[in-house]
1. For Phe154, which sequence-distant residues (separation of 5 or more, or a different chain) have an amide H within less than 5 Å of its own amide H, given hydrogens modelled in the peptide plane?
2. Work out from phi, with θ = phi - 60° and the Karplus expression 6.51 cos²θ - 1.76 cosθ + 1.60, the ³J(HN,Hα) of each residue of the stretch 114-122, listed in order in whole Hz, and give x for Gly and Pro.
3. Provide the per-residue ³J(HN,Hα) series for the stretch 93-98, in order, calculated from phi with Karplus coefficients 6.51, -1.76, 1.60 and θ = phi - 60°, each as a whole number of Hz, with x at glycine and proline positions.
4. Mind giving me the nanometre distance, one decimal, between the label points for Ser21 and Thr3, set 7 Å out from Cα along Cα→Cβ?
5. Enumerate the amide H contacts of Ile26 below 5 Å, restricted to partners 5 or more residues apart or on another chain; note that Pro and chain-start residues carry no placed amide H.
6. Measuring from label point to label point, each 7 Å out along Cα→Cβ, what is the Gln51 to Glu161 span in nm?
7. Would you mind working out the magnitude of the charge dipole of the stretch 12-69 relative to its Cα centre, with +1 at each Lys and Arg C-beta and -1 at each Asp and Glu C-beta, to the nearest 20 Debye?
8. Provide the gained length on full extension for the span Ser108 to Ala79, in nm with one decimal, where the gain is 0.36 nm per separating residue minus the Cα-Cα distance.
Amino acid sequence: YSTSFATRLAKCVRALCDDSSTVAFISCPTAFVAFQHINPLTGARLLEVDQRFAVLAPKHYIHYDLDEPDVYPPSLKGAVDVAVVDPPFLNEITNQKVAQTLRQILHSKSKLLLLTSTSVEAVLPKVYTEAPLGPLRSMPLQVEHHQGQLKNDFGCWGSWEGLKM
């Protein structure tokens, strides 16, 4: 993400939290870093396959492998208040695996913020169907990448109405 977008995203997510919130950043380390830089939250977690981030934030890092969507710390089961997700692969299977994890770690009042390519927009209603995963709504947060490096248009979807920017 661009620095300006990561900052805007972090502020939007932080506005959804109180000091006791648990926030899971799944496959979006740049968003996690910006979030923790702006206003650190003890309950922020980065679920990421790249173990280099374990050095950056050892108390917040959780190794997460999409091919093992049921493997996560028991302490997260039904405990995540806000999830921010940027699936690493732009396909339905990846989104199904992420959704499998989300169904286990979110609770009935959780909020999901999904950032992904508009190329997979058609699969989102099939995968993110019921609360707290959906139905997803397009959010007014314009995703920007560093120096426009990605060729895909990206969008932002949320499981609730009224993202405050």
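The values are calculated or read from the model by the stated rules, or taken from the named source; none is laboratory data. These numbers were taken from a predicted model, which means no experiment stands behind them. Every residue, glycine as well, gets a Cβ built from its backbone with ideal geometry; the counts of neighbours run over all protein chains shown. Accessible surface is based on the protein model in full, side chains and every heavy atom, while ligands, DNA and RNA are left aside. Shrake-Rupley method; radii C 1.70, N 1.55, O 1.52, S 1.80 Å.
1. When sequence neighbours closer than 5 places are left aside, the close amide H contacts are Thr118.
2. Rounded to whole hertz, the list is 10, 10, 7, 5, 5, 5, 9, 4, 5.
3. For the stretch 93-98, the Karplus curve yields 4, 4, 5, 5, 5, 4 Hz.
4. Each label point is offset 7 Å from its Cα along the Cβ direction, giving 2.5 nm.
5. Amide H neighbours of Ile26, under 5 Å, 5+ apart: Leu47, Val84, Val85, Asp86.
6. 4.7 nm
7. Roughly 260 debye for the stretch 12-69.
8. Full-extension gain reported as 9.4 nm.
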